[in-house]
Amino acid sequence: MTPFIAKLVWWAGILAWYLIRYPHQRRSRKTPIASRRARMREYVLLAISFAGLFIIPVIYVTTGEPRVADYPFLPLLAWGGTLVFSMALVLFHRTHRDLGRFWSVTLEIRQTHQLITAGVYNRVRHPMYAAFFLWAIAQALLLPNWIAGFAGLLGFGTLFVFRVRREEQMMEATFGDGYRTYAARTRRVVPGLF
């Protein structure tokens, strides 16, 4: 593994992410939205996450800047990043497949929305967030730069911290005791831990 190949792996992960999301995004748009929460707040959080997982690393991967934040490339870390990114994409795909037309980028409840508790949702309430955390970890392992490598953890971590409670409140308000029972038997992003 070389730094160039590690960057190609990062690009391949981004392309795969898009190819996974695109058909689900088109399908979910066909189901009307019944309610949505704090659109401006959502867009700000999404922009912060997007900057950390895409904009900042794209600048680094295409220009090498900021070189001042580089640290020595370790092939073993890059191989680990490749494995972690692969795991993230598998989980990302399964999450979209399990959610089907109820998936959305922002906090929305769709008409005829159902509480999904099967598939990857059987073990954790937010497997999509788990997939994004894995992506951010992979980025840190693939890109040997203190800013570009770790921007994903900071960017997505910000979205997670300021969004997950609001999402759970929305689900509880929509599904009541069904969601409370589901939440009591599952963890947020890591089965058995958190």
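FYI, it's all coordinate maths here, none of it is from the lab. Just so it is clear, the model here is predicted, and its values are computed rather than measured. Every residue, glycine among them, receives a Cβ derived from its backbone with ideal geometry; neighbour counts consider all protein chains shown.
Please report TYR18, TYR179, TYR60 as a ranked list, fewest other C-beta atoms within 10 angstrom at the top and most at the bottom.
Numbers: TYR18 10, TYR179 19, TYR60 24.
Least to most surrounded, the residues fall as TYR18, TYR179, TYR60.
Would you order TYR71, TYR129, TYR43 from fewest to most other beta-carbon atoms within 10 Å of each residue's own beta-carbon?
TYR71, TYR43, TYR129
Grab the DSSP H runs of the chain that are 4 residues or longer, score each as -39,500 (n - 2.57), total them, divide by all residues and round the 222 nm result to the nearest 500 deg cm²/dmol. Please report the intermediate quantities before stating the final value.
Numbers: 7 runs with 121 residues, N = 194.
Calculated at 222 nm, the ellipticity per residue is -21000 deg cm²/dmol.
What percent of all Cα-Cα pairs in region 12-80 falls into each 5 Å bin, going from 0 up to the bin containing the maximum distance?
3, 11, 12, 19, 21, 12, 8, 7, 5, 2, 0
Given springs between every Cα pair under 10 Å in a Gaussian network model of the chain, which of GLY52, GLY64, GLY155 has the largest fluctuation?
Judging by the Gaussian network model, the answer is GLY64.
What is the helix-to-structure angle for 127-142, meaning the angle in degrees between its Cα long axis and the longest Cα principal axis of the chain, kept from 0 to 90 and rounded to the nearest 10?
Value to nearest ten degrees: 0.
Can you run the Rg to Rh ratio on the chain? Use alpha carbon positions and the Kirkwood inverse-distance Rh.
Details: Rg = 17.4 Å, Rh = 17.5 Å.
For the chain, the value is 0.99.
Using the per-residue mean of other Cβ atoms lying within 10 Å as a proxy for protection, in what order, highest first, do the peptides 75-83, 109-117 fall? Could you put the intermediate results ahead of the total?
Working: 75-83: 16.6, 109-117: 15.0.
Those peptides, ordered most packed to least, come out 75-83, 109-117.
Can you give the FRET efficiency for TYR18 and ARG41, using 1/(1 + (r/R0)^6), R0 = 22 Å, r = Cβ-Cβ distance, to the nearest 0.05?
Numbers: r = 25 Å, r/R0 = 1.13.
It comes to 0.30.
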